[in-house]
Amino acid sequence: MKRAFLKVLAVTALGSLVGTAAYAADITGAGASFPYPVYAKWAEGYKAASGVGLNYQSIGSSGGVRQIRAKTVAFGASDAPVKGDDLAKDGMVQFPAIIGGTVPVLNVEGFAPGDLRVTGPVLAEMFMGTISKWNDPKFAALNPGKKLPDQAITVVHRADGSGTTFNFTDYLNTVSKDWADKVGKGNAVKWPASSSIGGKGNEGVAANVGRIKGAIGYVEYAYAKKNKLTYMQIQNQAGNFVSPDDATFASAANGVDWFSAPGMGVSMVNAKGDKSWPISTASFILMYKEPADKAQSAEVLKFFDWAFKNGKQSASELDYVPLPDTLTSEIRAKVWTQISTK
């Protein structure tokens, strides 16, 4: 990961960076931890440019949806898109803000990031617990010549309702019938592996994987890089083993028809493309069409307008994929115009 991310996260904490101090015009938001690193960086730049701060609570996607529905924040953030019927019922709109990727991470000595390979079905078996050791023949067959330890696998998963979990289980649901039949997908699922532990937020999963020998987990890529965690290459739909980075996330996003689903809630998992990372996703913003505080909603739109125009470099430095100008123009014209700010 680029050094800019380390600088942002090392120098600042959530409260101090995004403005928990009382500023009348500060924007309030809550939700997904997946995009927090880039939102924090954007908030730093926007505060310098406008004087307006962002108080963003990185509490998980389910928490973000609850808070926007409770009308305690001006926007909610979720990596799991809210269904069109629910958006209509709640009187809300939804739009993507950034694209990134979920990566399987592990704590096994002797391997660097990308040294080990896995397919979707084998990854599903590891998280189900049917593959319970690192030297299991199915995993070893994908990694010939690698000295895999006779070490038990501990599954680390999200303890909170999470869009990262939705994205990860959406992928496993797509590539493994056994997973689809026995576990399914969602912001929270019943994890079947007998040896498993939960962590709160991407931060908590990363911390647990880092301290538990033999652990396997899943986090947004920036957290893997920030915590120096080892990740695996995954075989994509084209049959190629690929590593996570902004280029493979961008490949997965190519050709997405964002307005083909209500609320732009398109799944990007197992996307076509020779270089596509198979667990790529967008992170979404939720807002009311008729907000109680129209001035706050106007400030939210100003913030994301600034970020779409000025935040591309910082997003790329953190290994996210900024939305293309053609898409952000459509979001302004087709989505933001539905929000009453006056």
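Please find, within segment 217-244, the residue that is farthest from ASN270 (Cα to Cα) out of those that are crowded, with 17+ Cβ neighbours inside 10 Å and of a type in the set (A, V, I, L, M). Ranking the qualifying residues of segment 217-244, first place goes to LEU229. Take GLY214 and tell me if it is assigned by TED's automatic domain parsing to the domain that holds GLN151 and surrounded by fewer than 22 Cβ atoms within 10 Å (Cβ to Cβ). For GLY214, the condition - assigned by TED's automatic domain parsing to the domain that holds GLN151 and surrounded by fewer than 22 Cβ atoms within 10 Å (Cβ to Cβ) - is met. For segment 53-70, the set of residues classified as part of a loop (DSSP other than H, G, I, E, B) and over 17 Å from ALA159 (Cβ atoms) consists of GLY53, ALA70, listed by residue number. The listed residues are LYS177, LYS133, LYS83, and the only one of them that is over 24 Å from SER280 (Cα atoms) and surrounded by fewer than 20 Cβ atoms within 10 Å (Cβ to Cβ) turns out to be LYS133. Restricting segment 324-340 to residues that are modelled with pLDDT of 95 or more and not in a helix (DSSP H, G or I), the residue that is nearest to ASN254 (Cα to Cα) is VAL335.
The values are calculated or read from the model by the stated rules, or taken from the named source; none is laboratory data. Remember, predicted model here, so these are calculated numbers, not experimental data. Cβ coordinates were reconstructed from backbone atoms using ideal geometry, including for glycine residues, and neighbour counts include every protein chain displayed.
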